[in-house]
Structure formats: C-alpha cells, structure tokens
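Have a look at the structure below, then the notes.
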There are 2 protein chains.
Amino acid sequence: MASVKDVARLAGVSPMTVSRALNTPEKVNPETLARVLQAVERLNYVPSLSARQIRGGTSGGKTIGVLAFDTATTPFAVEMLLSLEQTAREHGWSVFILNVFETPPCPQVIDLLLSHRPDGIIFSAMQLRVLQVPAVLRDKPLVLSGCLSTEADIACYVPDDEEGQYCAVKQALERGYRRPLCINLPRHSLASTLRQQGLQRALTEAGIPLEAVPQYDISADDAYGETLDELRRRLSASNGKPDFDLLICGNDRIALVAYQYLLGCGLRIPEDVAVLGYDNMVGVAELFYPPLTTVQLPYYEMGRRATLHLIKEKHEPFIHRVPCPVISRQSW
Amino acid sequence: MASVKDVARLAGVSPMTVSRALNTPEKVNPETLARVLQAVERLNYVPSLSARQIRGGTSGGKTIGVLAFDTATTPFAVEMLLSLEQTAREHGWSVFILNVFETPPCPQVIDLLLSHRPDGIIFSAMQLRVLQVPAVLRDKPLVLSGCLSTEADIACYVPDDEEGQYCAVKQALERGYRRPLCINLPRHSLASTLRQQGLQRALTEAGIPLEAVPQYDISADDAYGETLDELRRRLSASNGKPDFDLLICGNDRIALVAYQYLLGCGLRIPEDVAVLGYDNMVGVAELFYPPLTTVQLPYYEMGRRATLHLIKEKHEPFIHRVPCPVISRQSW
DNA sequence: CTGTTAGCGCTTTCAG
DNA sequence: CTGAAAGCGCTAACAG
C-alpha cells in the first residue's frame, strides 16, 4: 500500500508536509494542501494505524481492547458489543474485540490482547457472573461490563436485577394480580439471588407473605423439560384451572416454553394467566402471542457506560448498577 | 509497557537476542535463552503487534479485516463472526471486526479498515443480499461471507437456499404430508426466490402441482400480524379444521408466531399440522413445543470457509453454495 | 509555510 | 551464537 513517501513524491513535497496536510491542514499552504490531497486521493492513501500507534503520539486515536465472554452462548446480547464499538467510534476511539470461550482466558489470548497495546481494557460477559481478572490486565485502565469481579476495586457495570424484578412485580401487583407462581433461574445463579430480593421487596410492600407464592427453581440442565413438568404438575393439581394468576419467569426462554404450554391447554394470556419474562430477547419477545411483557437487560447501556468510563477516565472503581426497564407489552 | 530494550537490559543482552529468543529460540544459546525468558516473564513482555506489522516481516502473523453487516438486526447469526475469529486464530491469523450499519459502508469506515493494513478482507452480511463492494477494497484478497456481490468475479460463500428448501420439502413429502401451506419471506427477497425454486423442484418430483399449494408472501413490515391474519383466514375458511397438513414457514420467527396461534386453537403439532421453519435460530428453535424441525442457515460453515479461502489463498472467484442441513426435530 | 533529523519497537541483514 | 546498523511508516521538535 501507498505510504507517506509515495504521496510526498507524487505531490512533490516532503513526507512531513503530507503528514501535516492530513493532521493539521490549517498549517499548510492551501495550494500545497490541494496538491497533497489530490495525491492522497489518487493513491487511495490511508495512514497506517500501526505506524501511528508506534510513535505513541495523539494522532492515531486511542484503542480499547475487549475481552468478550458468552458471545456464543448468549448471542442475543451482542448489542453490548455493538454499543461498545459505536460509543468508542463516536469519540474517535477504536475497539478491538477478542471473543474468549473460557475463564479466566488463556495466557495466549491475553498476550494477543496486550500485543495490541490497548489504552484501556473492557472485560465483558453477557451473563451476570463473577469473573477472575488476570493480574496482568490490571496495569491498564480496566472496566467490567455485564459482570462482576472477585476483586472489589474494579469498576463494573451490571444490570440492576433486584430493582428490575422489584419494579416489574410491583407493577404486576398494582394491576391486581395476587397469586404469582415463579419459575426461577437456577438457585445458585447471581441473578436469581438478586431477583429474589426484588420479588420479596415488592411482595412485602404489598402485604403478601412470601410463603404464599410458590416457587420453582430450574436446574441448569433442562429448563425446557422442567418448566413443562412444573406447569403440568400445577395445572393437574388444580384440575386444569390454574391456581395462579401471574407466571413470573426467570427469563424469556422459560416464558416461551410456558406460553406454548399454556396456550396448548386452552388458557388465555393474560386473561387466565398473565406472564412476565426477563431479558427482553431482541427480535423474539415481540413475537410472543400476545407480545411478552418483560424486563430488559440493559446491554446497550452497560456497553455504552463501560466505554465512557474508559474514555472519560473515570475513577469510580466500584459496582455501577444499570437500570433494567420494564417493557410493558400485552402479556399482563 | 515493556519493550525489547527493557528486556534486553534486564537480561544483559542485546535487543536482537531478545527478538531471537522469542522467534527462533533454537538459534540461541540455552543459557542465554533462559535468562531472556526470565526477563520476559518478569516484565510481562509481549511484543508489540504494531511494531511487527510495520516491519512487514512474517513474524507478526497476518490479519483479516472484517466488515460485518446486519449484526444488529440478525444477532443470532454472530456465530459467523465467531467462526471467522476461531478459524483465523487456529491458523495464527487474527481478525479485526468492524460492524457497519449502512451499505455501502461510509468512506470513514473503509479508511479505518484500510488503516489496519489487513492482508485480506471479508465482507459479511447475515441476511442473504447483494452488496455493492467499494472499489478500494478490491486491491486486496477479498471474500464475501453470507452475501453476494454486484460484480461477478468475487468469491462468495452463501447458503444454498434452493437445495435446503428442496431437501426439507422432499423429506416432508416422504413422510406423507401432502397439503402444504406456505408463509413465505417477502417476495422480493433473494432467499425467497431460491427457496421457491427448491419448493417447486420437490413438488414436481412428487407429482404435486404447484397450483395445489397455497402460498402467502408476507410483506417486510408486519410478519407478525400477517402471519396471524393468514392463519386465521385459512382456519376460519375451513371451520377451524385446517385444510393443510404442513405449514412451511419462511423463517423460524414466522414459525414461532404460527406455533402459538395453532396451539391456541387447540391444534396439535405435528398430529394436526406439521410445521417447518428456516434458520434454526440458535437457542430458540429448541424451545419450541414441540422442538422445531427447521433448515439451518450455515453461519458457522460460511464463516469458516470464507476465512480459509483467504488463508489458503484460493483462486476461485465465484459463488460457493454452502449446504443448509435439515434439522429434524419433533414438529413433523 | 516547509523541510530535516531523529526515534517509536521491532526484525532483517550482515559482521563479528 | 551474538551484536551493530539500517529501515519499516509516521510525526514531534527543531531549523530554515
């Protein structure tokens, strides 16, 4: 590819003038500038980022290295990566994403990341979890997006699951639903614990005793079968007429399975039983029949804020909880 | 960050020896090697990719620049990007992904791509479409993944929609289904045309006249409402008993809507009506009740082959059709 | 306003 | 087996 030298030769100037024409055009004689730009155009010249980077100057723009987890298992969450990239680009930064499939990432991948000499690092996971952060990464500005760290003094941006579940249940109760049934995420999961707290807070405020709401925790292995089984059990125990008026699901996938089962039993949503999801799976939640009321995991926001944290050089090394808005559709 | 010099000083050798220790360890005295590696370890030294790249040597490994389209609108297709990355890494190459939101991509993004001095370029889209390839990109080895080009002499890896639909319908007919109803993708779409051909081929082979199978083409605007309407119309025209035994859907989303509607009507799948999808949406198709039989869009394979095309420096500048396997689950 | 020099981190080439 | 010199593409600092 063409280099400054080539452009310089074609324009009949020194390489330095080419550099200036591109970086500080106001310091160049208009006529010279025109000649240079014309040469740039003709050669399709674009400065090499590597060369700029190596000089350490400001001209190249800064780079964020991203270690992305769970992209394979939670593809719907790519929005977070998109948002990182967009936000960075808006500020003249660029991102470099490395998808990783194990935690902690193998040294090989870490070296690859470091070999790009990023000015900041984002460690992201699309499912709420606690990650162990390799010590080497701590030498640079570092933020976690969508996950927590085993160490306390690292900035993290995570969904506010407690508040999200609280708001959703509160709204449901305000609409008059009184006998919820919960099909929760696996008990050991972080999100599950937080949401349970949110649920309890809403229940307590409404004067509903916790014991009055039946709960089932799925195991990680077979959400599908267990959801079906639990529903079948509940329904047959009450002769096909549900003894719950609101089904609170640990995520939209559980809600999807439940929907189909309920529909197949001749039950109407939300007249016979309302359904509440969690996640707001992009492009799917809208396709529920009727469209699913759910709580949104704020992937876009988390990505944006984590990126801005780096760009604005914020010094707030603690957990930032990002709101999970309730997306009210027709299933309640 | 530490550089060769730092390591050299600490190990008491010249920078050159450090370089050799890392790249051609067999040419270095074992004792010296050990000293160097120890220094490398202590300083967490990782060679700068930029510096390597700039030298143009072979040591740095090559880079593929990826222009990715549709990531936002077709999130479940990230598998293709993952596969690019994985395949490249397996061969010591690295990838650099730039998500783009408009076609053709704005010059700004193209320059960004070029500024990384990629050794090859992959233009990818996750929905089958014809893309206009900016002329500048044609200077380097170039492949399209998941999409076609307006120009003929560019290598493309795309799903074999015709064959995929053909196989699926053929299998359905072999199972005895005789009265299909189709709810197709929008008529103007590329995939729609190809699949129509596949459908017709299977029908013809089975001696079923095309006119005998009712087809509805959804518009791009409201797949949801139109699917529902069409089904409602069909069913009420025949007093709730479907006059079709197989519902062929343009994609899994249509199938999802249809599923819920059919289930809600008290119809059993597949006893009363079988359903066939297209796409095999990862993490969703399995959640259908019963699990959806569908045709898989070969995102992983397309990504892999496109990457290998570059790595192996293949000279086959034409359309490569990647098979779409039929994923047989329980909806037929 | 423009050019020269020097150096970023690395590795190829050539000498020891 | 090891080192010195030179240069990749670019730009900061200085000189003209």
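Every number here is computed from the coordinates shown, using simple stated rules; none is lab data. Bear in mind the structure is a predicted one, so any value in this text is a computation, not a measurement. So basically every Cβ, Gly included, is an ideal-geometry build from the backbone, and we count neighbours across all protein chains shown.
General remarks:
- Considering only beta bridges that DSSP places wholly inside the protein assembly as shown, some 5 percent are antiparallel.
- Peptide-level mean, for B:60-67, of C-beta atoms on other protein chains within 10 Å: 1
- Sorted into 10 angstrom bins from 0, the C-alpha pair distances of chain A split as 5, 22, 24, 18, 14, 8, 6, 3, 0, 0 percent.
- Within 10 Å of the Cβ of each residue in B:42-48, the mean number of Cβ atoms contributed by other protein chains is 4.
- Among the chymotrypsin sites (Phe, Trp or Tyr not before Pro) in the stretch B:16-90, none sits in a DSSP loop with a Cβ that has at most 10 other Cβ atoms within 10 Å.
- Gaussian network model of chain A, springs between alpha carbon atoms under 10 Å - residue of A:Leu228, A:Leu173, A:Leu22 with greatest fluctuation: A:Leu22
- Between the amide H of A:Ala155 and those of A:Leu144, A:Phe318, distances stay under 5 Å, these residues lying 5 or more places away or on another chain, with hydrogens modeled in the peptide plane.
- Taking the Cα centre of chain B as origin and assigning +1 to Lys and Arg Cβ atoms and -1 to Asp and Glu Cβ atoms, the resulting dipole is close to 1120 debye.
- With only the Cα atoms considered, the protein assembly as shown has a convex hull volume of 187 Å³ per residue.
- Each principal axis of the Cα cloud of the stretch A:1-73 was evaluated for its coordinate range; sorted largest first, these ranges are 55, 22, 18 Å.
- If the convex hull is drawn through the Cα atoms of the stretch A:86-220, its volume per residue in Å³: 143
- Using C-alpha pairs below 8 Å separated by at least 6 residues, the relative contact order for the stretch A:208-292 is 26 percent.
- A label point on B:Arg233, set 7 Å along the Cα-to-Cβ line, lies at 4.5 nm from each of its counterparts in the other copies, closest listed first.
- Pairwise centroid distance, computed over Cα atoms, of the stretch A:9-38 with the stretch B:144-188, Å: 53
- Around the amide H of B:Asn251, modelled in the peptide plane, lie the amide H atoms of B:Tyr278, all under 5 Å away and 5 or more residues distant in sequence or on another chain.
- R0 of 56 Å, Cβ-Cβ distance A:Gln108-A:Asn239: FRET efficiency to nearest 0.05: 0.40
- Its DSSP H runs of at least 4 residues, each contributing -39,500 (n - 2.57), put the calculated 222 nm mean residue ellipticity of the protein assembly as shown at -12000 deg cm²/dmol, to the nearest 500.
- This model, with +1 at the C-beta of Lys and Arg and -1 at the C-beta of Asp and Glu, gives the protein assembly as shown a dipole about its Cα centre of some 1820 debye.
- Among A:Leu67, A:Leu49, A:Leu194, the residue with the largest mean-square fluctuation in a Gaussian network model of chain A, with springs joining Cα atoms closer than 10 Å, is A:Leu49.
- Distant-in-sequence amide H partners of A:Arg178 (H built 1.01 Å from N, under 5 Å): A:Asp245
- Across peptide A:112-121, the mean count of Cβ atoms from other chains lying within 10 Å of each residue's own Cβ comes to 4.
- Cβ-placed point charges (K, R +1; D, E -1), dipole of the stretch B:181-243 about Cα centre in debye, nearest 20: 160
- At R0 = 25 Å, FRET efficiency that the Cβ-Cβ distance of B:Gln38 and B:Thr58 yields, to 0.05: 0.40
- Of all DSSP bridge pairs formed entirely within chain A, close to 5 percent run antiparallel.
- At R0 = 22 Å, FRET efficiency that the Cβ-Cβ distance of A:Arg175 and B:Asp229 yields, to 0.05: 0.15
- Each copy carries a label point for A:Glu286 at 7 Å from Cα toward Cβ; from one copy, the others' points are 2.6 nm away, ordered from shortest.
- Rg over Rh [alpha-carbon atoms, Kirkwood Rh] for the stretch B:4-45: 0.90
- Placing dummy labels 7 Å off each Cα toward the beta-carbon, the span from A:Arg9 to A:Glu31 is 2.5 nm.
- Cα centroid of the stretch B:69-140 to Cα centroid of the stretch A:201-272, whole Å: 43
- Kirkwood estimate for the stretch B:237-283, i.e. one over the average of 1/r between Cα atoms, Å: 11.0
- The length gained on full extension between B:Phe318 and B:Asp222, counted as 0.36 nm times the residue separation minus their Cα-Cα distance, comes to 31.1 nm.
- Ranked by the mean number of other Cβ atoms within 10 Å of their residues, highest first, the peptides B:144-152, A:275-283 come out as A:275-283, B:144-152.
- Relative to the other identical copies, B:Asp221 shows label-point distances of 5.0 nm, where the label point lies 7 Å from Cα along the Cβ direction and values run shortest first.
- Diffusion coefficient, µm² s⁻¹, Stokes-Einstein with Kirkwood Rh over alpha-carbon pairs of the stretch A:161-295 at 20 °C and 1.002 mPa s: 146
- Here the contact order of chain A, divided by its residue count and restricted to Cα pairs under 8 Å and six or more residues apart, works out to 17 percent.
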